[in-house]
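The values are calculated or read from the model by the stated rules, or taken from the named source; none is laboratory data. None of these values were measured; they are calculated from a predicted model. No Cβ is skipped: glycine too gets one built from the backbone with ideal geometry, and neighbour counts run over all protein chains shown.
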Amino acid sequence: MTEFDTGLPSVRQVQTYIKDQQEVELKLSTDDLLIGKIIWQDSYCLCLVDHYNQPTIIWRQAIVYLKQKA
């Protein structure tokens, strides 16, 4: 099992998005683009809730980039 390192800058940035309920844009390796709010993260996945309040669990390995929605 991989230890969840809350000291990493990427983990802290995602925690800020969660705390601030900031909308983000998430690009996947499948070329899909998802927009929504991250509600939790762990060592392997994060959960994104879209505009329809539909949660999607995304494996971290599938993420190409994640950025704040402008």
Open item on the list: Under 9 Å between Cβ atoms, which residue pairs at least 6 apart in sequence (or on different chains) link something in segment 10-27 that is closer than 18 Å to Gln61 by Cα with a partner that is assigned to a helix (DSSP H, G or I)?
Closed with: Val24/Val14; Val24/Tyr17
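Of all residues being hydroxyl-bearing (Ser, Thr, Tyr) and either touching a strand residue (DSSP E or B) at 6+ places or on another chain (Cβ under 9 Å) or within 11 Å of Leu66 (Cβ to Cβ) (or both) in segment 8-29, which is surrounded by the most Cβ atoms within 10 Å (Cβ to Cβ)? Just the residue, please.
Our first condition is that a residue be hydroxyl-bearing (Ser, Thr, Tyr); within segment 8-29, this holds for 10, 16-17, 29.
Still in the running and either touching a strand residue (DSSP E or B) at 6+ places or on another chain (Cβ under 9 Å) or within 11 Å of Leu66 (Cβ to Cβ) (or both): 10, 17, 29.
Working: Ser10: 11, Tyr17: 20, Ser29: 10.
So the residue we want is Tyr17.
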Open item on the list: Restricting to segment 1-25, count the residues that are polar (S, T, N, Q), at pLDDT 95 or above and in a loop (DSSP other than H, G, I, E, B).
Closed with: 2
Open item on the list: Gln61 - would you say it is surrounded by 11 or more Cβ atoms within 10 Å (Cβ to Cβ) and either without any contact (Cβ under 8 Å) to a residue 40 or more places away in the chain or not aliphatic (A, V, I, L, M) (or both)?
Closed with: no
Task: Members of segment 37-54 found to be touching a strand residue (DSSP E or B) at 6+ places or on another chain (Cβ under 7 Å) and either hydroxyl-bearing (Ser, Thr, Tyr) or under 18 Å from Lys19 (Cβ atoms) (or both), listed by number - done: Lys37, Ile38, Ile39, Trp40, Tyr44, Leu46, Cys47, Leu48, Val49
- [ ] Have a look at Val64, Val24 and point out the one that is touching a helix residue (DSSP H, G or I) at 6+ places or on another chain (Cβ under 6 Å) and at negative phi.
- [x] Val24
Task: Count of segment 26-59 residues which are outside any loop (DSSP other than H, G, I, E, B) and of a type in the set (Phe, Trp, Tyr) - done: 2
